[in-house]
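Mind having a look at this structure? Questions to follow.
The values are calculated or read from the model by the stated rules, or taken from the named source; none is laboratory data. These numbers were taken from a predicted model, which means no experiment stands behind them. Virtual Cβ from ideal backbone geometry, glycine too; neighbours counted across all protein chains shown. For the accessible areas, the whole protein counts, side chains as well, though only heavy atoms, and no ligand, DNA or RNA atoms are used. Shrake-Rupley method; radii C 1.70, N 1.55, O 1.52, S 1.80 Å.
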Amino acid sequence: MNQPPTLQLRHLLGLETLDAQQITALLDLAGQMKAVNQRRIKKLPTLRGVTVLTFFVENSTRTKMSFELAAKRLSADVMGFAASTSSLSKGETLLDTARNLEAMAPDIVVIRHSSSGAPHFLAERIGCGIVNAGDGAHEHPTQGLLDIFTMREKLGTLQGKKVAIIGDLAHSRVARSNLHGLHKLGADVHVAGPATMIPPGIEELMCTAHTRVEPAIEGADVVMMLRIQRERQGNDLIPHAHEYHRFFGLDQQRLKLAKPGALVMHPGPMNRGVEIAPEVADGAQSVILQQVENGVAVRMAVLYAVAVTRGLEEKP
Ligand code: NCD
């Protein structure tokens with residue numbers, strides 16, 4: 001495995017603070033990890049003796065499993081922790097829980113939390129490497145990286161490619177991480193959704209915002225659909241799921257506006273028939289399951305980079 005010397009990564013808190021060179025180095029490293037995942041024995045000895053703790057205070061299927069799989073494929077010891085079965089539900093503060101976890105000396109903590117900034121809070125207070133697996137509506141950097149990895153794999157480059165991101169932008173940490181990363185790699189990003197789901201000032205993240213989906217999808221190389229984050233919305237911001245689908249959902253007809261063969265993406269979990277029609281989700285242009293496959297390689301690259309930066313990897 002070749003870690004570029006420029007890639008210093010003590011933590012991965014977001015894509016906002018990475019530059020194009022660091023993002024590209026992580027994607028290249030993920031490419032090497034993907035090759036490992038395609039071997040019969042999908043395992044490297046590199047992180048032997050490194051302890052990775054997954055600390056998930058919000059539910060997750062894909063992200064938690066793929067971080068655990070990634071850690072195991074690098075031979076790290078991995079332990080999972082879920083909020084619902086922990087003392088967080090007995091009123092312990094995040095800092096107290098974290099200090100107790102730290103006392104058990106993990107090397108890297110992968111954290112998902114409903115509060116924006118929780119991983120940054122921990123990174124300033126405890127000594128281990130922190131990897132953000134989604135913090136509130138703020139960032140989800142490994143999802144952003146795996147999305148960008150998938151686009152780069154299929155399109156060759158992001159430079160000048162039109163990427164449409166559609167749905168609940170106000171509450172999407174996936175969109176925010178993608179916006180930071182895609183802009184740095186030269187993509188032309190368009191976002192669209194109901195006016196109530198487009199945060200004011202989103203153009204500062206270097207994208208073009210639309211309140212109709214058609215101009216965003218027209219001529220796009222990639223169409224990424226987002227779930228409506230009902231758990232983060234104070235009030236229902238849309239009248240009805242059927243109506244949402246009619247105006248903002250991706251069906252075969254709307255997909256025809258994009259470039260022929262444009263990629264259809266979704267971070268999951270999907271609400272079929274709401275933001276995406278089942279025939280599009282399962283159609284020939286969908287790379288949704290390839291995103292999941294690439295997620296393991298990307299998380300291996302991130303864990304590896306953090307471990308190497310901290311001098312934790314096994315030296316030959
Ligand atoms: C996303 C998340 O949790 O932010 N899912 C994921 O990690 N693949 C998106 C979502 O919940 O809609």
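Can you spot the aspartates and glutamates whose alpha carbon is less than 20 Å from Lys315's alpha carbon? Ignore those fewer than 8 places along the same chain.
Asp77, Asp107
Using label points projected 7 Å from each Cα along Cα→Cβ, tell me how many nm separate Glu124 and Asp282, to one decimal.
4.9
Now for a different question. So what's the back-of-envelope 222 nm ellipticity for the chain, counting only DSSP H runs of four-plus at -39500 (n - 2.57) apiece and dividing by all residues, rounded to 500?
The helix contribution divided over the chain gives -11000 deg cm²/dmol.
Got the relative contact order for the stretch 93-198 handy, in percent, Cα pairs under 8 Å and 6 or more residues apart?
Here the relative contact order equals 22 percent.
Calculated FRET efficiency, Gln290 and Ala195, Cβ-Cβ r, R0 30 Å, to nearest 0.05?
For R0 = 30 Å, the calculated efficiency reads 0.40.
Under a point spin-label approximation (7 Å from Cα along Cα-to-Cβ), what is the Ala103-Gln253 distance to one decimal in nm?
6.2
Each residue of the stretch 110-122 in order: what ³J(HN,Hα) in whole Hz does its phi give by Karplus 6.51 cos²θ - 1.76 cosθ + 1.60, θ = phi - 60°, with x for Gly and Pro?
9, 10, 10, 8, 6, 9, 4, x, 4, x, 5, 4, 5
Over 31 Å between Cα atoms, which of Lys42/Lys154; Lys43/Lys154; Lys72/Lys161; Lys64/Lys154 qualify?
Checking Cα-Cα distances, Lys72/Lys161 exceed 31 Å.
Most mobile of Gln252, Gln38, Gln143 per a Gaussian network model of the chain (Cα springs, under 10 Å)?
Result for the chain, Cα springs under 10 Å: Gln38 fluctuates most.
Gain in length, Glu214 to Glu243, computed as 0.36 nm per residue apart minus the alpha-carbon separation, to one decimal in nm?
Contour length minus the Cα-Cα distance gives 8.8 nm.
Taking amide H positions as placed in the peptide plane 1.01 Å from N, state which residues far from Val109 in sequence (5 or more) or on other chains have amide H under 5 Å from it.
Leu53, Gly129, Ile130, Val131
Can you tell me the FRET efficiency between Glu153 and Ala82 if r is taken as the Cβ-Cβ distance and R0 is 35 Å, rounded to the nearest 0.05?
Once the sixth-power term is evaluated, E becomes 0.65.
How large is the accessible surface per residue of the stretch 47-200, computed with a 1.4 Å probe and reported in Å² as a whole number?
36
Pick from Ala216, Ala98, Ala297: which is most flexible by mean-square fluctuation in a GNM of the chain where alpha carbon atoms under 10 Å apart are linked?
Ala98
Also: Report ³J(HN,Hα) in whole Hz for each residue of the stretch 65-74, in order, from the Karplus equation J = 6.51 cos²θ - 1.76 cosθ + 1.60 where θ = phi - 60°; Gly and Pro get x.
4, 6, 5, 5, 5, 4, 4, 5, 5, 9
Among rounded, prolate and oblate, which fits the stretch 90-243 when a ≥ b ≥ c are the square roots of the eigenvalues of its C-alpha gyration tensor, a/c under 1.5 means rounded, and a/b larger than b/c means prolate?
oblate
Another question, then. Once amide H atoms are placed 1.01 Å from N in the peptide plane, what residues at a sequence separation of 5 or more from Val191, or on another chain, have their amide H within under 5 Å of its amide H?
It is Ile165, Thr208, Ala209, His210, by chain and number.
Here's a follow-up. Between Asp282, Asp168, Asp107, find the one with the highest GNM mean-square fluctuation for the chain; connect C-alpha pairs within less than 10 Å.
Asp282
May I pose another question? Taking a ≥ b ≥ c as the square roots of the eigenvalues of the Cα gyration tensor of the stretch 38-138, is the shape rounded (a/c under 1.5), prolate (a/b larger than b/c) or oblate?
In terms of gyration-tensor shape, prolate.
Which of the three applies to the stretch 202-294, rounded, prolate or oblate, going by the alpha-carbon gyration tensor with a ≥ b ≥ c and a/c under 1.5 meaning rounded?
The shape class here is rounded.
Working from the alpha-carbon coordinates of the chain, get Rg over Rh, Rh being the Kirkwood radius.
Here the Rg-to-Rh quotient is 0.97.
Using a probe of 1.4 angstrom, how much of the accessible area of the stretch 1-154 is carbon and sulfur, in percent?
Of all accessible area on the stretch 1-154, carbon and sulfur atoms account for 50 percent.
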